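Heads up: the structure comes next, in structure tokens.
The values are calculated or read from the model by the stated rules, or taken from the named source; none is laboratory data. Keep in mind the model is a prediction, meaning the values are calculated, not measured. No Cβ is skipped: glycine too gets one built from the backbone with ideal geometry, and neighbour counts run over all protein chains shown. The accessibility values were calculated without ligands, DNA or RNA, using every heavy atom of the protein model including side chains. Shrake-Rupley method; radii C 1.70, N 1.55, O 1.52, S 1.80 Å.
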Amino acid sequence: MKVINVVGARPNFMKISPIIRAMEEIPGMGWLLVHTGQHYDVEMSEAFFQELVIPKPDINLEVGSGSHAHQTGQIMMAFEGVCLREKPDLVLVVGDVNSTIACSLVASKLRIPVAHVEAGLRSFDRRMPEEINRMVTDILSTYLFTTCEEANQNLLREGVAPEKIFLVGDVMIDTLYANLESIRKKDTWRRLGLKRKEYAVLTLHRPANVDDPKVFQEIISGLDEISTRLPIVFPIHPRTKRALSRFGYEGSFRFLDVEFPSAGGSNKNGVVRGPGIWCCDALGYLDFQNLVVHSKFVMTDSGGIQEETTVLGIPCLTLRDTTERPVTITLGTNLLLGHDKRRIIEEAMKILRGEGKGGQSPPLWDGRAAERIVGILAREFKISARSAARTRQ
Ligand code: UD1
């Protein structure tokens, strides 16, 4: 059996890492890793390969940035050549980025089965490009691996045949558990001059939040107020960095002059001195998770961080109107606040008063999702159990 595993953007890397490790346990399952090059900066891509010990991609399509149509089209054209040459039995895609939809479209038109990891999530908001990516990828997929029961229900409602859906848990959480010891051992929070549980972490990169000056302004003014009570550390995504300078906000933030070794740089001075919003460049996985683990709470518009904070038991304020991950609210520590300044401040203050929301991990978020996925694929493709069993000894 020959699988092409596809990655392209930052959140894909934590998802593919445990899958590749599980595939390596099964000698009959040959695989190639294709990086589309959607993300290409060291801190958005290479740093994750090093830290998560992901093998160097066999093929990099090097498509880079562009409009949605341009980026998706470039990936499709390049990936078609790869599929025609490599003739895989399966293309495995993860998440909901443009690389995910582009490669599943190519594979399905070449009649190559597609496996979608993290299938069935729905925000029910088609203004999010990711929602379109999720829906189209799911329609085209033969194997739909889901993280929670809600995702199964979404797929069944959309008419997906039940035998194509496999509830396996969350591969992003596999990566979190696999790295938890290294995450805890790091001293990123201390190096930044922070005090344990006396700071918040912020990430913002959704176009709906950072490309609209009015929305961005409202969020920032809420955060400004919160930051008078405790420092907020804000690792900045390149898209958001551009928005800051476009809207003339650079002066409102303090920039930490920190380069993290995991991002390929040297460790300079740069510590948080008192309240305020403290920005730094996008961080590697271990540094970022170390900041999260020791923080009082997290504010974010990311998808994956809602899941990670739920498992870590850290309160999460999600600065979006919708979430495709409702289980992090019903079971976990997540609250959905939109960009309403008053609500954001109110909920942050509750956490500071010790009235934050608790939570628990959803079923099957136990660090073994990738093992289940690969086990199911081995069974479906009738890969000899004998060879699989041999490597496990
Ligand atoms: C993409 C995903 C989003 C995911 C996010 C995580 C889509 C539609 N969106 O959004 O779901 O949450 O990744 O980061 O696929 N840029 C760089 N260096 C890089 C990559 C990007 O500077 O390595 C800049 C470029 O100016 C680019 C912009 O960031 O135009 C946006 O990158 P893009 O890949 O289009 O989308 P993201 O906002 O990163």
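When every residue of segment 26-38 is checked against the conditions, at least one turns out to be outside any loop (DSSP other than H, G, I, E, B) and within 13 Å of the ligand (Cβ to nearest atom).
Given the condition within 23 Å of residue 169 (Cα to Cα), more than 16 Å from the ligand (Cβ to nearest atom) and modelled with pLDDT of 95 or more, answer yes or no: does some residue in segment 67-77 qualify? No, there is no match, as no residue in segment 67-77 is within 23 Å of residue 169 (Cα to Cα), more than 16 Å from the ligand (Cβ to nearest atom) and modelled with pLDDT of 95 or more.
Scanning segment 140-153 for residues that are buried (at least 22 other Cβ atoms within 10 Å of the Cβ) and closer than 22 Å to residue 330 by Cα yields 145, 146, 147, 148, 151. For the structure I just gave you, tell me whether residue 59 is at pLDDT 95 or above, open to solvent by 10 Å² or more (accessible area, probe 1.4 Å), more than 10 Å from the ligand (Cβ to nearest atom) and in contact with a Pro (Cβ under 9 Å, 6 or more places away or on another chain). Taking the combined requirement at face value, the residue does not satisfy it. Scoring residue 92 on the criteria (1) touching a residue at least 60 places away in the same chain (Cβ under 8 Å); (2) closer than 17 Å to residue 137 by Cα; (3) crowded, with 21+ Cβ neighbours inside 10 Å; (4) within 16 Å of the ligand (Cβ to nearest atom) leaves a single failure, condition (4). Among the conditions (1) open to solvent by 20 Å² or more (accessible area, probe 1.4 Å); (2) within 12 Å of the ligand (Cβ to nearest atom); (3) of a type in the set (S, T, N, Q), the only one that residue 99 does not satisfy is (1). Screening segment 182-250 for helices (runs of 4 or more DSSP H) wholly inside it with 1 or more residues that are touching a Phe, Trp or Tyr at 6+ places or on another chain (Cβ under 8 Å) and within 16 Å of the ligand (Cβ to nearest atom) returns the ranges 207-210, 213-226, 238-246. Residues that are of a type in the set (Asp, Glu) and either open to solvent by 10 Å² or more (accessible area, probe 1.4 Å) or at positive phi (or both) within segment 102-139 comprise 118, 125, 130, listed in sequence order. Of the set (1) more than 12 Å from the ligand (Cβ to nearest atom); (2) at negative phi, all apply to residue 53 but (2). Considering only residues that are farther than 24 Å from residue 378 by Cα and either crowded, with 19+ Cβ neighbours inside 10 Å or free of Cβ contacts under 8 Å to residues at least 24 places away in the same chain (or both), which ones fall in segment 29-43? Across segment 29-43, the qualifying residues are 36, 37, 38, 39, 43.
Quick grid of which residues meet (1) in a loop (DSSP other than H, G, I, E, B); (2) open to solvent by less than 30 Å² (accessible area, probe 1.4 Å):
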site	(1), (2)
307	no, yes
314	yes, yes
332	yes, yes
335	no, no
338	yes, yes
342	no, no
354	yes, no
362	yes, yes
373	no, yes
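Give the residues of segment 1-17 that are within 11 Å of the ligand (Cβ to nearest atom) and of a type in the set (Lys, Arg), sorted by residue number. Passing the criteria: only 10.
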